[in-house]
Amino acid sequence: MAKPEPLDTETWQLVRLAAAIAKGYEPDLKERVAECRGAQVPVAWVEELLLQSLLMVGYPRTLVAFGIWRKLGHVAAPVSDSEADYRAVAEWTAHGEETCATVYGANYRRLRENVRELHPALDVWMITEGYGRTMSRPGLDLMRRELCTVAQTAMIDVPRQLHSHLRGALNAGATFEQVEAVLSVVNTLLSYDQWRGVKDLWQTVREGWEPVE
């Protein structure tokens with residue numbers, strides 16, 4: 001598969017790994033890990049992608065992906081995680097509010113209200129654990145995090161979340177061309193009907209997009 005021009009090689013390989021994690025097919029995962037190592041994708045980027053994948057695809061696929069990364073990537077686990085261990089909950093919450101507000105832009109307050117109506121605990125976990133402890137960690141910038149999230153939400157067929165993260169990637173600084181390059185990665189992995197839905201959704205987002213001043 002040829003690399004789309006708007007993405008640098010390292011980001012392209014990272015996005016391909018993100019899609020493979022969501023698909024959960026181990027032979028593909030092994031190939032993507034080998035390609036990431038061959039392309040010298042920064043180890044910190046891969047580690048952070050694997051950690052944030054927990055939010056989109058859950059523990060089972062994240063653990064499988066981590067196992068393949070450790071074994072075939074020949075990357076040892078860190079002894080400890082100082083970022084998670086030593087920051088106060090209030091600090092992670094503040095980081096989470098800032099990151100979530102960047103991703104959702106003008107829809108941030110409505111998101112918080114909607115999630116809180118589902119259950120107050122979900123709102124707290126989303127901000128402190130999701131956007132704070134996970135998406136606000138150093139090691140990978142928010143734009144690349146969102147591009148990987150676009151790939152994964154497209155793969156697992158969750159249109160509402162994909163819509164949010166298509167906008168989120170743009171809010172985080174991605175260009176239209178970069179988002180389209182990510183979508184070209186997942187195109188060959190989806191059924192015709194799934195791809196048509198993703199393509200139509202992206203067209204709606206692109207046509208209605210107004211950058212935040």
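Descriptive notes on the structure:
- For segment 97-125, a tally of residues being under 20 Å from Gly58 (Cα atoms), surrounded by fewer than 20 Cβ atoms within 10 Å (Cβ to Cβ) and hydrophobic (A, V, I, L, M, F, W, C) returns 6.
Residue-wise test of (1) of a type in the set (Ser, Thr, Tyr); (2) part of a helix (DSSP H, G or I); (3) under 16 Å from Gln152 (Cα atoms).
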site	(1), (2), (3)
Glu35	no, yes, no
Gln40	no, no, no
Leu49	no, yes, yes
Ser53	yes, yes, yes
Val64	no, yes, yes
Ala76	no, no, no
Glu91	no, yes, no
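- Of the helices (runs of 4 or more DSSP H) lying entirely inside segment 135-213, those carrying at least 2 residues that are over 20 Å from Ala101 (Cβ atoms) are 142-155, 176-187, 192-208.
- Test: residue in segment 129-138 that is among the β-branched types (Val, Ile, Thr) and more than 29 Å from Glu5 (Cβ to Cβ): yes
- Test: residue in segment 121-144 that is within 18 Å of Gln13 (Cα to Cα) and touching a Pro at 6+ places or on another chain (Cβ under 6 Å): no
Any read-out appearing in this document is the output of simple, stated calculations on the displayed coordinates, not a laboratory observation. Since the model is a prediction, treat every value here as computed from it, not as a measurement. Every residue, glycine as well, gets a Cβ built from its backbone with ideal geometry; the counts of neighbours run over all protein chains shown.
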